[in-house]
Amino acid sequence: MSKRSLSGLLFLPWVCILAAALLAGLSLLLPFPELRELRSGPWSLRVEDRRGGLLQVLPVNDEGLRREYLPLDALPQYLLAIFIAGEDDRFFLHPGVDPAAAVRAAVSNLRAGGVVSGASTITMQLAGRAAPEGPGLGGKLREAWNALRIEARLSKGEILELWLNTLPMGSNVEGVASAAREYFSRNIQSLSPEESALLALIPRNPRRYDPRQGGSIEAAVNLLHRAGIVTDRKKLRAVTERGAAIGKTEPWPFRAPHFVRYVDGLPGINSKEAFVSSLDPEVQEILQGEISARVDSAGENRISNGAGLAISVETGEVLAWVGSADFFDTESQGQIDGVRIRRQPGSTIKPFLYALALEKGMTPATLLPDIPSAFGSEAVYLPENFSNTFHGPVRLRVALASSLNIPAVHTVVRTGVADFADWLLALGFDSLEDQRDSLGAGIALGNAEISLLELLSAFSVFQRDGLFLSSSVERELPGSSPRRVMSRETAFLIRDILSSESGRITGFGSGSILNTSYPAMFKTGTSNQFNNIWALGATEKVALGIWMGNFSGETVIGRPGSSIPAAAAVAVLTALQENPVYRVTEEPGSPPAGIVLVRICPLTGERAGPHCPGSLEEYFRTGTEPDTCGAHREDGIYMPSLYRSWGDERGLPWKYRMDQALRILSPADGAVFYLDPTLPGKSQVLSIEAEGQGELLLSINGSLQARGRDFVSLRFPLSPGTHRIGLEGADRRIESSFTVR
């Protein structure tokens, strides 16, 4: 051999190394968007309950393809060894293309006179998934080139992980995790080596090697032997027999569908990881069962659907989410999510109104009128109680606990609709933002539209001592930091009122279904068209809300009120008392430091005096304790003139105060009201009421509008602007103002 030839041979390896380096550099410099797209998914979202139970694995497309992602370290080592042995036993030795395997395959194919063996490495298969290049020699060469490009970008572990998660496995699944669920109805981590071997055969021919159809015991034995795993045919035969049984079951759970749909719509969800939700499977089952059973038995009331929500008071975590009685009931529109759609809440809005009133200085003993009242002119707004009866003067406690309508409207007029709307927005009722301009006094009776999710999140504030916490659907991940929206004292007072059995008697009679052996607060509600019936309940551990009605908007027949959802709510909370996690003590907690007990007159709500025929105890915030009762005197009962007509109609032996202070009863000074663009202008009227002693003159914007003795009222047509109210008595004049927008 000449010296020139020898030097050329010595130089050749360096040329090869340089060429390889150039190819590697070129492969990195050339963009590879197809690989980036393959790595980014999409991936099937796995949603689990708080105990790790699978709720659903969501398809990645409309065809139902499921492709779950699992990191390499989450897969059993024997499974990795089996798949590598079956597809590319030199995977960790070659740079993406295996020349030895190519030569071996070519020889085998020549001897057989056809294709009996392939030379595609795991990396080449992955390249084919990322950028399919078609059949033929040209396609194989381009696939090999793409394999080199992948090896230059990813580590061997990353390549193996991506390949195992995108491997076509037949039956509309990709990746080993989804294949384990499809063929064995189990997590991949729980598969035995024998099951893993049967799984590893599927990519070769999904129909032929389907373990539910028997698979191939002989091929699986050979594969396990190549992976260095000892087994026997009996074990594999047992696996295939189980597979045949599994083939008759549904491998993909479909639990809590409305909840999972909500989770899937959340921003920033990483579908590569399981979403461990806050849902408690026990609470979900109890709530779903109660709603479905009550709806099934309420057909005569034309109730076709129901929805429910339960949240943890402590953390704000959603424990149960039932969007409808039956998701698959198309006739009753079961796929609509009753937790999220907006409906009129009826009287369930009243606790928030009275909480605002308490914050503004009212007390549970404040006297409110439950008498015939008009709040309009041409289209007169005449609110009625559910029982169609009037109770005259009632204390705030009774008005709320018995859910009386007329006192609620009087209260919202005194506090101001705008202030109440702002209060509700602060409590998380975001749905009201685009309804502000149409809100009137009817908001006190729940004629605005809100969602059950908003309603229950706000209701839980009372059990949380006045702290608002956004609801969270992820395990141990609160939606926000607690935010104080009302005082501890107000939260306690509302909680105490809605837990009071005696307070409900006026509106619901004795023996209410809401009376429980454990401390719990309840509020029910019915919209004015009887097409939404509600029940809210809460203990110190769990807050619960249930809606029933018809998604079509049809009214409920027979006016069952909210007794049906109320019974369901009590049943759910009672069932949860069997669970130590949600069990509550048998005695209510002590009031906060700023609360005192005062013995009051039941009729007037004032401190009991020597002439009061009876008394009872009532809670007050320190500094709001009432004066001694001035109604009960030696010569009779003296009541405010506001109740003269109501008392005379009933023949009550009342006298009417001649010493009452000059006072504008409603609206409150500085109150703000909104015109409703959907109603005629002349029908939008504000009731203005005042009392005093002797002859009274009531003026608006300096113009005399009404006269009266001891009591005067006026229905004033609303118009935009700020209006001044003047009230003149015998020797004194007072003023206030309100604004209309």
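The values are calculated or read from the model by the stated rules, or taken from the named source; none is laboratory data. Everything numeric in this text was worked out from a predicted model, so none of it was measured. Using ideal geometry, Cβ is built from the backbone for each residue, glycine included, and neighbour counts are taken over all protein chains shown.
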Any residue in region 715-741 that's over 16 Å from Leu704 (Cα atoms) and without any contact (Cβ under 8 Å) to a residue 24 or more places away in the chain: show its pairings with residues that are in a strand (DSSP E or B) and of a type in the set (Phe, Trp, Tyr) at Cβ separation under 8 Å, as long as the two are six or more apart or on different chains. Thr722/Phe738
Considering only helices (runs of 4 or more DSSP H) wholly within region 392-505, the ones with at least 2 residues that are within 26 Å of the chain's Cα centre (by Cα) are 417-426, 452-463, 488-498
Looking at Leu697, Leu704, which is the one that is modelled with pLDDT of 90 or more, assigned by TED's automatic domain parsing to the domain that holds Asp676 and buried (at least 17 other Cβ atoms within 10 Å of the Cβ)? Leu697
Being in contact (Cβ under 8 Å) with a residue 40 or more places away in the chain, hydrophobic (A, V, I, L, M, F, W, C) and in contact with an Asp or Glu (Cβ under 7 Å, 6 or more places away or on another chain) narrows it down to one residue among Ala543, Ala571; which is it? Ala571
Inspect all residues belonging to region 618-629 and state whether any of them is modelled with pLDDT under 95 and either out of contact with any Leu (no Cβ under 7 Å at 6 or more places or on another chain) or β-branched (Val, Ile, Thr) (or both). no
Considering Pro677, Pro640, which residue is within 44 Å of the chain's Cα centre (by Cα) and either at pLDDT below 85 or crowded, with 16+ Cβ neighbours inside 10 Å (or both)? Pro677
Determine the pairs where a residue that is closer than 20 Å to Pro71 by Cα, located within region 186-202, has a partner that is of a type in the set (S, T, N, Q) and surrounded by fewer than 24 Cβ atoms within 10 Å (Cβ to Cβ) with Cβ atoms under 7 Å apart, the partner being 6 or more residues away or on another chain. Pro193/Thr231
Out of all the residues in region 274-295, is one or more farther than 28 Å from Phe459 by Cα and touching a residue at least 24 places away in the same chain (Cβ under 8 Å)? yes
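Here's the yes/no breakdown for (1) aliphatic (A, V, I, L, M); (2) over 30 Å from Phe420 (Cβ atoms):
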| site | (1), (2) |
| --- | --- |
| Asp635 | no, yes |
| Asp648 | no, yes |
| Trp654 | no, yes |
| Phe673 | no, no |
| Leu698 | yes, no |
| Ser703 | no, no |
| Phe738 | no, no |
Take Ser563 and tell me if it is under 40 Å from the mean Cα position of the chain (by Cα) and within 30 Å of Leu367 (Cα to Cα). yes
Spot the failing condition for His258; the list is (1) over 25 Å from Leu536 (Cβ atoms); (2) not assigned by TED's automatic domain parsing to the domain that holds Ile188, and only one is missed. (1)
Close pairs from region 217-244: first assigned by TED's automatic domain parsing to the domain that holds Arg204, partner part of a helix (DSSP H, G or I) and surrounded by fewer than 16 Cβ atoms within 10 Å (Cβ to Cβ), Cβ under 7 Å, at least 6 apart: Ile217/Arg233; Ile217/Arg237; Val221/Arg233
Those helices (runs of 4 or more DSSP H) lying entirely in region 41-148 with at least 2 residues at pLDDT below 90 and either among the charged types (D, E, K, R) or surrounded by 13 or more Cβ atoms within 10 Å (Cβ to Cβ) (or both): 99-112
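Considering only residues of region 693-737 that are part of a loop (DSSP other than H, G, I, E, B) and among the polar types (S, T, N, Q), which is nearest to Ala441 (Cα to Cα)?
So in region 693-737, the residues part of a loop (DSSP other than H, G, I, E, B) come out as 701-702, 718-720, 729-732.
Subset that is among the polar types (S, T, N, Q): 701, 719.
Numbers: Asn701: 22, Ser719: 15 Å.
Within region 693-737, the match that is nearest to Ala441 (Cα to Cα) is Ser719.
If I filter region 220-232 down to residues being surrounded by fewer than 12 Cβ atoms within 10 Å (Cβ to Cβ) and at negative phi, which single residue comes out as modelled with the highest pLDDT? Please lay out each step first, then the result.
Step one: filter region 220-232 for residues surrounded by fewer than 12 Cβ atoms within 10 Å (Cβ to Cβ), giving 228, 230, 232.
Filter again for at negative phi, leaving 230, 232.
On the way: Val230: 82, Asp232: 76.
Out of the qualifying residues, it is Val230.
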Evaluate the following for Ala593: is it free of Cβ contacts under 8 Å to residues at least 12 places away in the same chain and more than 18 Å from Glu282 (Cβ to Cβ)? yes
Would you please name the residue that is farthest from Leu75 (Cα to Cα), looking only at residues in region 174-216 that are in a helix (DSSP H, G or I) and among the polar types (S, T, N, Q)? Gln213
